[in-house]
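Engineer: A single structure is presented below for examination.
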Amino acid sequence: MEVTEQQLKMQLQQKDTVISKELLEPMLHHIGSLDPVLRDDLIFSRLAEWIMSEEFSATSAERIVSFVLSQNGLFYQLTEPDDTAVFTRSFSALLLAVVLETDAAHPQLEEKTYEQISNQLLEYLSNETDFRGFVPDCGWAHSIAHIADAYDAWFKHPRCQVRNEQAAITRFIEILMTPDYVFIDEEQERVITAWLAARKRGIEDDVFLTMLEGPIEAWLDLPVTWDDAQFNVLRNTKQLLRTLYFRVKWQDKTSMLPEQIEHLLFQIHQQYQ
């Protein structure tokens, strides 16, 4: 018998409720609830506490990752015109971040699972198009921030081959330069936190610069029209570069990347002053 959202909410509001194999399934099923109290405060928060506890098992870790990487998690209604499905995808990504962070310290996942995580994170990132941050009445969707958190945990994970993850960074750049949406909810900060984790694991600054220069220079070659789409790209790109400039400068005062980013910003200023 399916557990309703109201039944689950009442059960999770009881402080003595223990997460079991049986309770895990309805929690995963309702992880994208449009009720922010149930979704954020009860399901995600309680699962995160449990995942970080000593009671969390390898079997439960595999079950959560299996759910996250399925059509019921990250890929839920991904290509369908459903403007509420993003909550399931987004909170699945956030849940994976917690599992990966815990697994990095105390490995529980099977070896084959790590390759699946690498492949399917990129597949999801390549196809997500709902970039909204805060949604009135429903709370935080924040798909880009949450998938950035998952990548931050993945880039730090010992099993991650960071140099093989450059396609994900390229896709993040494409998203953060989108003409379709203006990012106003600190998405750049969360993405760059993940990038700095990759940088710390060995991706060189010239690689980041090359990945940035390509799309920015292609955009700067276009005639200036000041239409809405172009203005969106301008705002998004400047915010991305400004954020990256300061985050790298604060982390590594010897890096030449901030100076190179400044040059890109100057080129944009010349084109759009």
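The values are calculated or read from the model by the stated rules, or taken from the named source; none is laboratory data. As the structure is a prediction and not an experimental result, all values here were calculated from the model. Glycine also receives a Cβ, built like all others from the backbone with ideal geometry; neighbour counts cover every protein chain displayed. Heavy atoms of the whole protein, side chains included, go into the accessibility calculation; ligands, DNA and RNA do not. Shrake-Rupley method; radii C 1.70, N 1.55, O 1.52, S 1.80 Å.
Engineer: Please report, as a whole percent, how much of the solvent-accessible surface of the chain comes from carbon and sulfur atoms (probe radius 1.4 Å).
Structural biologist: 50
Engineer: Ranking request for peptides 16-24, 49-57, 88-96, 139-147: highest mean number of other beta-carbon atoms within 10 Å first, then the rest in descending order.
Structural biologist: Most protected by this proxy first, the peptides run 88-96, 139-147, 49-57, 16-24.
Engineer: Accessible area per residue, 1.4 Å probe, Å², for the chain: what's the number?
Structural biologist: Per-residue value: 50 Å².
Engineer: On a C-alpha basis, how far is the centre of segment 142-217 from the centre of segment 28-99 in Å? Whole number, if you could?
Structural biologist: With segment 142-217 and segment 28-99 each reduced to a Cα centre, they are spaced 22 Å.
Engineer: Take every Cα-Cα distance within the chain, group them into 10 Å bins from 0 onward, and report for each bin the whole-number percent of pairs it holds.
Structural biologist: For the chain, the binned pair fractions read 6, 28, 32, 21, 9, 3, 0 percent.
Engineer: Tell me, what is the percent relative contact order of the chain, built from C-alpha pairs under 8 Å that lie six or more residues apart?
Structural biologist: Relative CO of the chain lands at 14 percent.
Engineer: Compute the acute angle (0 to 90°) between the alpha-carbon long axis of helix 58-68 and the principal axis of greatest extent of the alpha-carbon atoms of the chain; round to the nearest 10°.
Structural biologist: 60
Engineer: Using a Cα distance threshold of under 21 Å, what count of lysine pairs results for the chain when pairs must be 8 or more residues apart or interchain?
Structural biologist: Lysine pair count for the chain: 7.
Engineer: Glu54 to Glu204: FRET efficiency via 1/(1 + (r/R0)^6), r the Cβ-Cβ distance, R0 41 Å, to the nearest 0.05?
Structural biologist: Given R0 = 41 Å and the Cβ-Cβ separation, E is 0.55.
Engineer: Please state the equivalent ellipsoid semi-axes for segment 162-206: what are the square roots of 5 times the Cα gyration tensor eigenvalues, largest first, in whole Å?
Structural biologist: Working from the Cα gyration tensor, I get semi-axes of 21, 12, 7 Å.
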